[in-house]
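Only one structure is covered here, and it is reproduced in the block below.
Quick note: the coordinates plus some simple rules give every number you see, no bench work behind them. Predicted model only: the values in this text are computed from it and were never measured. Because the Cβ atoms are built from the backbone with ideal geometry, glycine has one as well, and the counts that use them run over all protein chains shown.
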Amino acid sequence: MLTADARRQTLKDALAAAANDYLTKPVDVDEVLLRIRNLLAIRLSHERLKSSNDAFSAILRQRNRSESLQAEHRHAAEAERLAQLSPCWSKATIATALSVPASVVPTAMTRSPGCS
C-alpha cells in the first residue's frame, strides 16, 4: 500500500485489512526496489516449496499404493495357506504354518473329532 498518510493507526488499519506492505510518500526508490526484491524472493521460495510438496505428495501416494498392493498380496498368500491347511492339523501345526504363536490360532481351526 502506498499512501501519504503516515499515521500509525492508518498503518495498523491497512495491515489489518490484509495489506502486504505499507509505504508512505515520498518514497525512497532504493527502499521500494529492495522491498520488491524481497517480495519476489518470498514468492519464488513459495513456488519452489509448493513444487517440492507436490512432488513429495506424488511419491507418498505411489508408495502408499505400492504398500497397499503388497499388503493385499500378503493377505492373499495367508488366505491361500489357510485354505491349504487340513482340518486335522493341530493348533501348533497351524501356528507354525502361519508363523504365528499358537495362542492366536482360533480353537475352531484345530483338530476335528474325526481326525486320528
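Just a few scattered comments:
- One chain, two ends: residue 48 and residue 78. Fully extended at 0.36 nm per residue, the span grows by 6.3 nm beyond their Cα-Cα distance.
- Here the 3J(HN,Hα) profile of the range 46-63, calculated from phi with Karplus coefficients 6.51, -1.76 and 1.60 at θ = phi - 60°, is 4, 5, 5, 5, 4, 4, 5, 4, 4, 5, 5, 4, 5, 5, 5, 4, 5, 5 Hz, Gly and Pro shown as x.
- Qualifying aspartates and glutamates (Cα of each under 17 Å from Cα of residue 12; at least 8 residues distant if same chain): 21
- Amide H contacts for residue 23 (H built 1.01 Å from N in the peptide plane; partners 5 or more residues away or on another chain; cut-off under 5 Å): 2, 3.
- With θ taken as phi - 60° and the Karplus curve 6.51 cos²θ - 1.76 cosθ + 1.60 applied, the whole-hertz 3J(HN,Hα) list for the range 88-103 is 9, 6, 7, 4, 5, 5, 5, 4, 5, 4, 8, 6, 10, x, 4, 5 Hz, x standing for glycine and proline.
- Pair residue 62, residue 31: separation of 7 Å Cα→Cβ label points (nm): 5.0 nm
- Extended-chain gain in nm, criterion 0.36 nm per residue less alpha-carbon gap, residue 40 and residue 100: 15.7 nm
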